[in-house]
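The structure appears below as structure tokens.
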Amino acid sequence: MNALPVEAGGGGGAPPPPPTDMLVLRLYVTGNTLRSTRAVDNARRLLETHAAGRFELEVIDIYLHPEAAIAAQIIAAPTLVKLRPGPLRRVIGDLSDSNKVLAALGVMVSNVAGSAPSGVSIKP
């Protein structure tokens, strides 16, 4: 996988700065592994369902761009990083627990209780 921006809305030319409620995220993956592919699919599905028109998602393959992982201090993959709006949040895993992922992103906070399953951990 290459670094592939996925933008809500689309359009040509230089994009305007994102609105303050726009979710700006990066998903760091390791090639075309099952967990990476699942994380990309889950992230896109969650964002298109719960933040349609309000998100920008950039997928970065750390095999192809290790410098990006070093700069962002990524120690596990897949890792979803919410850059904006603050605070910066990281979700590690395949993003299969929708409620935990959405709560971490600040998209939805209801029905979230207990600890994260083994496939997902939420880091501030």
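The values are calculated or read from the model by the stated rules, or taken from the named source; none is laboratory data. Just so you know, these numbers come straight off a predicted model, no measurement behind them. Cβ sites come from the backbone with ideal geometry, for glycine too, and all protein chains shown count toward neighbours.
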Would you check which residues across segment 21-37 are at pLDDT 95 or above, closer than 18 Å to Lys82 by Cα and more than 11 Å from the chain's Cα centre (by Cα) and list them? Ser36
Scope segment 57-71; condition touching a Lys or Arg at 6+ places or on another chain (Cβ under 9 Å) and crowded, with 17+ Cβ neighbours inside 10 Å; matching residues: Leu57, Glu58, Val59, Ile60
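Residue by residue, here is whether (1) aliphatic (A, V, I, L, M); (2) more than 16 Å from Gly106 (Cβ to Cβ); (3) without any contact (Cβ under 8 Å) to a residue 24 or more places away in the chain holds:
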residue	(1), (2), (3)
Met22	yes, no, no
Thr33	no, yes, yes
Ile70	yes, yes, yes
Leu80	yes, no, no
Pro87	no, no, no
Select from segment 77-92 the residues that are modelled with pLDDT under 95 and not in a strand (DSSP E or B) and write down the one among them that is nearest to Tyr28 (Cα to Cα). Leu88
Can you say whether Ala14 is aliphatic (A, V, I, L, M), out of contact with any strand residue (DSSP E or B) (no Cβ under 7 Å at 6 or more places or on another chain) and modelled with pLDDT under 95, as far as the supplied structure shows? yes
Take segment 83-97 and flag every residue that is of a type in the set (A, V, I, L, M, F, W, C) and surrounded by 20 or more Cβ atoms within 10 Å (Cβ to Cβ). Val91, Ile92, Leu95
